[in-house]
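Note sheet for the following structure.
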Amino acid sequence: MINITLPDGSVKPFENNATPMDVAKSISEGFARNVISANFNGTTVETHTPLTTDGALVLYTWNDKDGKKAFWHSSAHVLAQALEELYPGVKLSIGPAIENGFYYDVDLGDQTISDKDFKAIENKMLEIARGKHDFNLRSVSKDEALSLYKSQDNEYKVELIENLEDGTITFCDHSSFTDLCRGGHIPNTGIIKAVKIMSVAGAYWRGDEKNKQLTRVYGISFPKQKELTEYLNLLEEAKKRDHRKLGKELELFTFSSKVGQGLPLWLPKGAALRERLENFLKKAQKKAGYEMVVTPHIGQKELYMTSGHYEKYGADSFQPILTPSEGEEFLLKPMNCPHHCEIYNAKPFSYKELPKRYAEFGTVYRYEQSGELHGLTRVRGFTQDDAHIFCTPDQLDTEFKNVIDLVLYVFGSLGFENFTAQVSLRDPNTPDKYIGSDENWEKAEAAILNAAIDKGLNYVVETGEAAFYGPKLDFMVKDALGRNWQLGTIQVDYNLPERFDLTYKGSDNELHRPVMIHRAPFGSMERFVAILLEHTGGNFPLWLMPTQAIILSISEKYEKYAEKVLNLLENDEIRALADHRNETIGKKIREAEMAKIPYMIIVGENEENENMITVRQHGGEDLGMISVEEFSQIVDTEVKKTLKTFK
Ligand SMILES: [Zn+2]
Ligand SMILES: [Zn+2]
């Protein structure tokens, strides 16, 4: 008998050679039908692999990340088989599962694949899938493995096998198809019910442009047709919400090849949006006891040698700037922290004066390869909503909770309701990897965990994921399309206070090291606006909207009345515009809809006579004829729904 430990901690005895599927069936037949992959003692195994020792077993369904991985990995085998059948002589290289689906890199010789061939590949894959072929893993000797691929003249697989140790090589068979593979399959091809070939692209063998260019075929598969349809709809919706597209349509930002790649230019509407976000955070930060500071965009190379950032950014980022007089070297600021440490160092502090909380919308510059740049999410210059808190170890607990409050306030005001937190702790088995005393680490980790529990966060703990200089808490938000984004980091740091020799005078009259907390609820203004655009599709919360209302006059005759309404709205601090153009009201409404303006105010003869306005909401809802006062009230209520006062 063997003892199998399940994720809930329960231990059950099983016959020697019981398989993961046997264990699944012992839980329930219904559950077993959904199990598609398994992990035993940290290693991926097949669902029919006999288990011969005691150990911990995790069973995966399609709903698990590892379940999807096995599903897509197995689908890549089916794709390879389909390609072999449709393109005789094709040479297979590698075909892994990826975040969404899978690909296979193949050498097609003088054959080609284009969009119009996708349907045939999908059909062939589905035909194979319907055969309900089992995936079977078998060990082969290195010679055996080499001889198969040498006989096929497949130099790619031969190269892969040559780098493997004899005795560790396995093949996977399904139907009449065999591939070199380490394992991790779904039980059989039959559960693949829907397949889509997404695209083809060129890919150099082993990612090296000196090597031959292969064809990469991207695909995705699902256990239900409905899920494929939903996925494709989601992609369509994501395309519409692409922040690069919306940023252009809403005239928020642009890029110029003359200015340089990855350097965003904020247009007036975008700059106003950004200013509103900054003011929103500044206001809350002021209440939370932060003080604003301002630091330059460059710093002496020595500053970053002291901080350790030179090691990280020196060679692989923007190169030091030399000055006409010799011996001076400056670096574009990759981080604001070193500057803030020197602000702290400007005068001595006693424990009674701590914590000090220095905040800055600090612009930093980091080199990214041009291929890595992406809209506002990967740029070379960006502004962090940065702050550094310097406190005593005993204050860490309260400070951490306060920062979480601030982050949750930011998320709530911007409509991010779905988020989780990740707490990264040190690996207790390798204490040498970390700087700072055990006592301080224990204090900091307890402070973070307490804060997470106290604030009712939905969090996961990742042991060993802490940085060498301190534990941290990261927020992951789920956007309206279900995509995850990392936003908002709170990080404890024992390293920089040490490197910059930061001190405060304790109650014992001795000098002590303060603890430093880095935090940025938005992360960066650029990335945050990008995520907000994709989350809201450009329909920002009303308080943030560049234009909240537009007055559409039915004809020039009512221009005067429209101006009067505009004045009243401005008095009520509603951001409004007036459209007096000699265009039809239908056209004006369509354009205001396109610009995603939340309220359209129509004024004509009736409205003027009654001293009223007719209001239509973005998306079509009619609020009828109301007074300007009533409208202001509606706007005020709507704004307060999302934008609450901090604390
Ligand atoms: Zn495989
Ligand atoms: Zn920092």
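The values are calculated or read from the model by the stated rules, or taken from the named source; none is laboratory data. All of these numbers come straight from a predicted model, not from anything done at the bench. A quick note on method: Cβ atoms are made from the backbone with ideal geometry, for glycine too, and the neighbour counts reach across all protein chains shown. Quick note on the areas: whole protein, heavy atoms, side chains included, nothing else; ligands and nucleic acids left out. Shrake-Rupley method; radii C 1.70, N 1.55, O 1.52, S 1.80 Å.
Data overview
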{"read-out": "Ordering of 62-69, 342-349, 8-15 by packing [mean C-beta count within 10 Å, highest first]", "value": "62-69, 342-349, 8-15"}
{"read-out": "Relative packing of peptides 622-628, 284-290 - highest average C-beta neighbours within 10 Å first", "value": "284-290, 622-628"}
{"read-out": "At R0 = 56 Å, FRET efficiency that the Cβ-Cβ distance of THR170 and LEU322 yields, to 0.05", "value": "0.50"}
{"read-out": "Portion, in percent, of the accessible area of the range 273-430 that falls on carbon or sulfur, probe 1.4 Å", "value": "49"}
{"read-out": "Cα convex hull volume per residue for the chain (Å³)", "value": "234"}
{"read-out": "Cα-based reach from LYS478 at 20 Å (exclusive), listing lysines while leaving out same-chain residues under 8 positions away", "value": "LYS65, LYS68, LYS239, LYS240, LYS455"}
{"read-out": "Gain in span if fully extended, ILE435 to GLU15, counting 0.36 nm per residue against the direct Cα distance", "value": "146.4 nm"}
{"read-out": "Approximate spin-label separation ASN539-THR112, in nm, with each point projected 7 Å along Cα-to-Cβ", "value": "4.3"}
{"read-out": "Length released on extending from LEU267 to GLU417, taking residue separation times 0.36 nm less the Cα-Cα span", "value": "51.1 nm"}
{"read-out": "Per-selection Kirkwood Rh - the range 161-217 (Cα, Å, 1 d.p.)", "value": "14.7"}
{"read-out": "Carbon plus sulfur fraction of accessible area for the range 66-232, probe 1.4 Å, in percent", "value": "46"}
{"read-out": "Calculated diffusion of the range 341-477, Stokes-Einstein form, Kirkwood radius summed over Cα pairs, 4 °C and 1.567 mPa s, µm²/s", "value": "75"}
{"read-out": "25 °C / 0.890 mPa s Stokes-Einstein diffusion coefficient of the range 1-158, Kirkwood radius on C-alpha pairs, µm²/s", "value": "137"}
{"read-out": "Cross-link table LYS401/LYS644; LYS119/LYS248; LYS12/LYS193; LYS283/LYS356; LYS69/LYS210; LYS557/LYS640, entries beyond 29 Å C-alpha to C-alpha", "value": "LYS119/LYS248; LYS12/LYS193; LYS69/LYS210; LYS557/LYS640"}
{"read-out": "Extended-chain gain in nm, criterion 0.36 nm per residue less alpha-carbon gap, GLU227 and GLN369", "value": "47.6 nm"}
{"read-out": "Expected-Rg normalisation [2.2 N^0.38 Å, Cα atoms] applied to the range 74-165", "value": "1.16"}
{"read-out": "Mean Cβ count within 10 Å, highest first, over the residues of peptides 145-153, 109-117", "value": "145-153, 109-117"}
{"read-out": "Cα centroid separation, the range 577-647 to the range 168-226 (Å)", "value": "53"}
{"read-out": "Solvent-accessible area per residue for the chain (1.4 angstrom probe, square angstrom)", "value": "49"}
{"read-out": "Isolated Cys residues of the chain, judged by Cβ distance under 4.7 Å to other cysteines", "value": "CYS337, CYS341, CYS391"}
{"read-out": "Charged-residue dipole, Cβ positions (Lys, Arg, Asp, Glu), the range 58-105 about Cα centre, Debye nearest 20", "value": "80"}
{"read-out": "Cα Rg, Dmax (largest Cα-Cα span) when computed across the range 66-232, Å", "value": "15.3, 46"}
{"read-out": "Share of carbon and sulfur in the accessible heavy-atom surface of the range 545-647 [1.4 Å probe, %]", "value": "48"}
{"read-out": "Residues in the range 165-201 that a label on GLU85 would reach, taking backbone N under 12 Å of a point 7 Å out along Cα→Cβ", "value": "175-177"}
